[in-house]
Every structure is written in C-alpha cells, then in structure tokens.
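No value in this document is a laboratory result; all are computed from the given coordinates. Since we're looking at a predicted model, the values are computed, not measured. Reconstructed Cβ throughout: ideal geometry from the backbone, glycine too, with neighbour counts over all protein chains shown.
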Amino acid sequence: MARDEINAFLGAGTNYQGKLHFQGAVRIDGNFQGEVVSDGTLVVGQEAVVEGQVKVGQLVLSGNIQGEVEAKNKVVLHKTANLQGNIRTPVLVVEEGAVLEGQLLMGSLDSVPAKVPEQDSN
C-alpha cells in the first residue's frame, strides 16, 4: 500500500458518532462527533465537520474541527480550514485564509506540557 493511500473514507452526507481508531490514512467528508486516535494521517475534507478530540500522527484539515487537536508529526491547515480549539504539534503549516481560534503549543509532544500554564495577572 502506498504511504499516502486512503484506507477508509467516511463520505459526505453521513453522520458518525463514537471512537475512531485506525492505521494508515482516513478521510472524513461527512460529520463526525467523538474521538479520533491514530498514529496515521487524518484528512478532513472541505465540507466535513468534526467535533471532539483528535489525536493523530498527522492532520490535514480543509473543513471544520471543533475540539482539541494533538498531532505527533504535523498539522496542515488549508485555506478553507476552520479550527476552533487548541493544537499541540511540532510542525504547523497554515495557508492564507485558514482560521484558527484557540491556542497553539509547538514543540515535540514529549517536551510540551499538556496544559498551558496559567499566567499570574499580578
């Protein structure tokens, strides 16, 4: 199987809820609510809406995500991407026009704290 070959496809007009665990690459073009966990690549299509927690090796986003994103290798936000939530990743690629509403923590996941430290307002 080629490295960038999609091994599962959740098509447009479909709704899924629950936990998604996979190897390789998965593309979502429908609506997904829940948790996605993989060391592989998650591709979120332009019309897709994902709500929940995403922990993957790599995320390629063209659609919408509402929730926490953790990517071990890289996050790519295409120009149609809209992410509302926090990102933890060592590498971020953002095309002009992409929207990110949340916090970004960069560095290897081993060296980045899971929570952003509270800043003292005194």
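Numerical summary
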| quantity | calculated |
| --- | --- |
| Loop sites in the stretch 1-83: trypsin sites (Lys or Arg not before Pro), DSSP, at most 12 other Cβ within 10 Å | R3, K79 |
| GluC sites (Glu not before Pro) restricted to the stretch 1-64 and DSSP loop, no more than 14 other C-beta within 10 Å | E5 |
| Vicinal HN-Hα couplings computed from phi for the stretch 46-60 (Karplus, 6.51 cos²θ - 1.76 cosθ + 1.60; Hz; Gly/Pro x) | 4, 8, 7, 10, 10, 10, x, 9, 10, 10, 9, x, 9, 10, 10 |
| Charge tally in the Cβ shell below 11 Å around N31, where Lys, Arg are +1 and Asp, Glu are -1, N31 excluded | -3 |
| Cα shape, the stretch 46-89, gyration tensor, a/c 1.5 rule | oblate |
| Net lengthening on full extension, D39/T80 (0.36 nm per residue, minus Cα-Cα) | 12.3 nm |
